[in-house]
Structure formats: structure tokens, C-alpha cells
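See below for the structure under consideration.
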Amino acid sequence: ILSANVALRYAAGTSIAWASELPELMFPWMIMAGVVLAAQHGSHIAVVLVTQKLAPAVRRGVLTLGSLIVAGLYGTLA
């Protein structure tokens, strides 16, 4: 859509009014869809540098707390 709009702007000197808004609206949905698909396949990116140095019981608590915070923030966002 953006490429077509740029080509139209250079070729005809005009542009499509909604062409810049549609990618802005679709971007968050596409990112969240990618996060869900990655999590379903067990390939979600995680930062584990700090948690690897913790004892297993502490690590589980920290990850649980982090997950609850993220879930709460997503709930607030929704």
C-alpha cells in the first residue's frame, strides 16, 4: 500500500488519502499476531541473561511475577 502510494505520488502528483493510515492501524495488530504465533510455537524471544543466574525456585517466582505484570498491563491496555 505504501509503495503504491509513493509510486502514485511520483507518477501522478497525487496520493491516496487512507494509504498512510491503514499501515498505522494494522501495525499493532500484526505485531501482536506475531507474538501469539511465536508463543504458540515456543519460539518467543525472551531475555534470560538475568534469570539464568538465579536459583530455579527464585527464577520461577520472578518469571511468574513478570508474567502477571505483563498480563495486567495488557488487560489495562485492552
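We did not get these values from a lab; they are worked out from the coordinates using the rules stated. This is a predicted model, so every value here is computed, not measured.
Just a few scattered comments:
- Helix axis angle, 2-12 relative to the chain longest principal axis, alpha carbon, degrees: 20 degrees
- Computed 3J(HN,Hα) for the range 53-59, one whole-Hz value per residue from the Karplus formula 6.51 cos²θ - 1.76 cosθ + 1.60 where θ = phi - 60°, is 7, 8, 5, x, 5, 5, 4, glycine and proline marked x.
- Nearest 10 degrees, 0 to 90: helix 21-40 Cα axis against the chain principal axis: 30 degrees
- Cα-Cα separations in the chain greater than 19 Å, expressed as whole percent: 61 percent
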